[in-house]
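A short write-up of the structure that comes next.
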Amino acid sequence: MESKGGFDEKCFLAKAFLEKAQALFETFKEDILLHLVQWCRAIYCNAVDLEASMLRQRAKLSWVKHGDQCSKFFFSKINARWAKQRVYQIRNAAGFLVSDSDQVAAEFLSFFQSLLGGIQQRRHINLDFLQPHLQHTLSVEEANALILPVTQAEIKAAFFEISEDSAPGPDGYTFAFYKAAWPEI
């Protein structure tokens with residue numbers, strides 16, 4: 001068993017104690033044993049939470065340590081993402097399987113051009129025609145509110161909605177760092 005700061009062993013022991021306490025309670029049905037089960041469950045849950053937190057931090061540290069360098073780690077992450085998102089083959093409009101990368105790209109282009117239509121002249125749209133079909137239109141005040149400058153309070157509110165566990169930015173810092181340092185920023 002690989003040790004991650006002793007968390008594996010602590011989780012293993014906490015689970016073993018919980019299972020033993022549950023077995024004792026099932027056998028003897030005493031109130032004190034029920035309290036022991038609850039106590040062991042709390043310790044086990046705490047150990048699991050600590051291990052999960054440590055694993056998240058380890059993943060972040062690995063990315064911060066190796067992610068900004070032009071290293072094998074960095075390029076392996078790029079290649080893995082590219083391979084996962086790549087379309088290797090596709091059926092064309094005639095139903096034939098196309099696997100050449102240039103042909104796959106051409107099929108995508110052809111499909112979306114046919115879906116979206118060709119090049120057309122810009123036409124005038126009669127907005128009076130749309131008016132009866134609109135359920136809600138913006139008042140002048142609502143429209144003006146959309147173009148107001150963004151306030152510091154709005155920026156802070158949006159910033160603090162972002163999870164602290166999200167991937168670090170290009171500078172290597174996570175949102176947890178920025179939230180902690182917010183008064184200084």
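None of the figures in this text is laboratory data; all of them are computed from the coordinates on show. The model shown is predicted, which means the values in this text are computed figures rather than measured ones. Virtual Cβ from ideal backbone geometry, glycine too; neighbours counted across all protein chains shown.
Working out 0.36 nm times the residue gap between GLU142 and ALA80, then minus their Cα-Cα distance, what length gain in nm do you get to one decimal?
Working: separation 62, 0.36 × 62 = 22.32 nm, distance 4.56 nm.
This chain segment gains 17.8 nm when fully extended.
So for region 142-185, what are the equivalent ellipsoid semi-axes in whole Å, largest first, each being the square root of 5 times an eigenvalue of the Cα gyration tensor?
That gives 26, 12, 9 Å for the three semi-axes.
Taking the Cα-to-Cβ direction at LEU24 and at ALA106 and moving 7 Å from each Cα, how far apart do the two end points lie in nm?
About 7.5 nm separates the two model spin labels.
If packing is taken as the average number of other Cβ atoms within 10 Å across a peptide's residues, how do 166-178, 87-99, 128-140 rank, most packed first?
Output ranking for 166-178, 87-99, 128-140: 166-178, 87-99, 128-140.
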